[in-house]
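Chemist: Encoded as structure tokens, here's the structure I'll be asking about.
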Amino acid sequence: MKNYDLIIIGGGPIGLACGIAATKANLNYIILEKGVLVNSLYNFPEQMTFFSTSNLLEIGDVPFVAHNDKPTRKEALEYYRRVYDSWKLNVQLYTPVESMTQSEGGYVLQTPKGAYNTSAVIVSTGFYDTARRLNVPGEELAKVRHFYDSPHPYVNQKILVVGAANSACDVALETYYKGAEVTMAIRSNEIYPKTKYWIKPNIENRIKEGSIKAYFESTVEEIKPHSVILNTPDGTVELENDFVLAMIGYTPDFNLFERLGIPVDEENHKKPIHNEETLETPLPNVYVAGVINSGLKTSKLFIENTRVHADMIIKDLKKKLAVTSE
């Protein structure tokens, strides 16, 4: 069994930042990532542009140079690959953590590639990998998508976009401009007020002119192979449909929290319970970092305001490991 001072679960930007902090502290660590490097960013739409500027996404004193003020997904993937390469971070990809059990002096993590023993754990898994569910009949059909990549598959297709925030509006506009027949199902009575300022008037104008049909105060009742049923203020409506794009957001992987034994605050947006100053959970030497710390309030934390988590955790952990080794 391999032994480490620290295992970091998740190879996203904050997981990499934790690896950099561990490198600076001369800790024997490994980052275990279930997918590709910065897996969550890899799942972003291929033409996505970040809302943040490149300097706010920097970690490890590696400059992030982009063609424009706000970088693209492609530029971000290359940037974090350069960070990984520059710091020679110890990352093992395609290694999901299946369980964690306490052992003498630490924890044992089980993966498909074997067991790992460690004195401490940082969980930094983000939330973009786990889509919110509609929880309606037919959601398992192949035509239902919770992640969006490109408008090309939807050319000349009848699509239903569910949601009214940034992602949903982006998808509705992009597919409409590529020739899709776009309908939106929106739970509230308006487009999300905090939608990006350059998107909101565009989508509202397309709806107003009838180019994009929108059903407000409406929800999906059932998805069928060639149609979709909506509950609307005027009653049930059945629409011809080729694809459903459920752009209703993402959540932390609560199943992983449960497997690891990390408790969540059910009364406070299912935030993982942790010390706000050290980010340690009730499990000794087990920490949480990054956007997962906000639970279901996923619009509160981002890369730019969680970069500090790495140094907060390693500072606390170094004290503990020093005491343990004496």
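The values are calculated or read from the model by the stated rules, or taken from the named source; none is laboratory data. Just so we're clear, the structure is a prediction, and the values are computed from it rather than from any experiment. Positions of Cβ are backbone-derived with ideal geometry, glycine not excepted, and every protein chain shown enters the neighbour counts. Note: areas computed on protein heavy atoms with side chains; ligands, DNA, RNA excluded. Shrake-Rupley method; radii C 1.70, N 1.55, O 1.52, S 1.80 Å.
Chemist: Considering only protein heavy atoms, what per residue accessible area in square angstrom results for the chain with a 1.4 angstrom probe?
Modeler: Accessible area per residue, the chain: 49 Å².
Chemist: How big is the dipole moment of the chain about its Cα centre under a simple scheme where the beta carbon of each Lys and Arg is +1, that of each Asp and Glu is -1, and everything else is neutral? Debye, nearest 20, please.
Modeler: Charge dipole, the chain, about its Cα centre: 560 debye, nearest 20.
Chemist: Which residues does a label at ASN68 reach in region 149-189, if reach means a backbone N under 19 Å from a point 7 Å past the Cα toward the Cβ?
Modeler: Within reach of a label on ASN68: 149-152, 166-178.
Chemist: Could you tell me whether region 144-246 comes out rounded, prolate or oblate from its Cα gyration tensor? Rule is a ≥ b ≥ c as square roots of the eigenvalues, rounded for a/c under 1.5, then prolate if a/b exceeds b/c, otherwise oblate.
Modeler: oblate
Chemist: Rounded to the nearest 0.05, what FRET efficiency do GLN157 and LYS318 give with R0 = 51 Å and r taken as the Cβ-Cβ distance? Could you check?
Modeler: Efficiency, from the Cβ-Cβ distance: 0.40.
Chemist: Would you mind telling me the antiparallel percentage of the DSSP bridges in the chain, rounded to 5?
Modeler: For the chain, the DSSP antiparallel bridge percentage is about 45.
Chemist: When the C-alpha atoms of the chain are aligned to their principal axes, what extent does each axis show, in angstrom, from largest down?
Modeler: 71, 42, 33
Chemist: Still on this structure, please answer the following. With a 1.4 Å probe and every protein chain kept in, tell me what percent of the accessible surface of region 60-122 is carbon plus sulfur.
Modeler: 49
Chemist: At most 13 other C-beta atoms within 10 Å and a DSSP loop state: those are the exposed chymotrypsin sites (Phe, Trp or Tyr not before Pro) I care about. Give me the longest piece of the chain that has none.
Modeler: No qualifying site falls inside 199-326, the longest such stretch.
Chemist: Going toward the positive end of the dipole of the chain, with +1 on Lys and Arg Cβ and -1 on Asp and Glu Cβ, which of ASN241, SER227, SER103 do you reach last?
Modeler: SER103
Chemist: Oh, and also: Which aspartates and glutamates does LYS320 reach when only Cα atoms under 20 Å apart count, and residues fewer than 8 places away in its own chain are ignored?
Modeler: Reachable aspartates and glutamates: ASP5, GLU104, GLU276, GLU277, GLU280, ASP311.
Chemist: Given the DSSP H assignment, sum -39500 (n - 2.57) over each helix run of at least 4 residues in the chain and divide by its residue total; what's the result at 222 nm in deg cm²/dmol, nearest 500?
Modeler: Helices in the chain give a 222 nm mean residue ellipticity of -7500 deg cm²/dmol.
Chemist: Once fully extended, how much extra length lies between ASN275 and GLU238, figured as 0.36 nm per residue of separation less the alpha-carbon to alpha-carbon distance?
Modeler: Residue separation times 0.36 nm, minus the Cα-Cα distance, leaves 8.4 nm.
Chemist: On the protein heavy atoms, probe 1.4 angstrom, tell me the percent of accessible surface of region 144-246 carried by carbon and sulfur.
Modeler: Answer for region 144-246 is 46 percent, counting heavy atoms of protein chains only.
Chemist: Report the label-to-label distance for SER211 and GLN102 in nanometres (one decimal), using points 7 Å from each Cα along the Cα→Cβ vector.
Modeler: 6.0
Chemist: Another question about this same structure. Comparing GLU104, GLU217, GLU78, which has the greatest mean-square fluctuation in the GNM of the chain with Cα pairs linked when under 10 Å apart?
Modeler: GLU104
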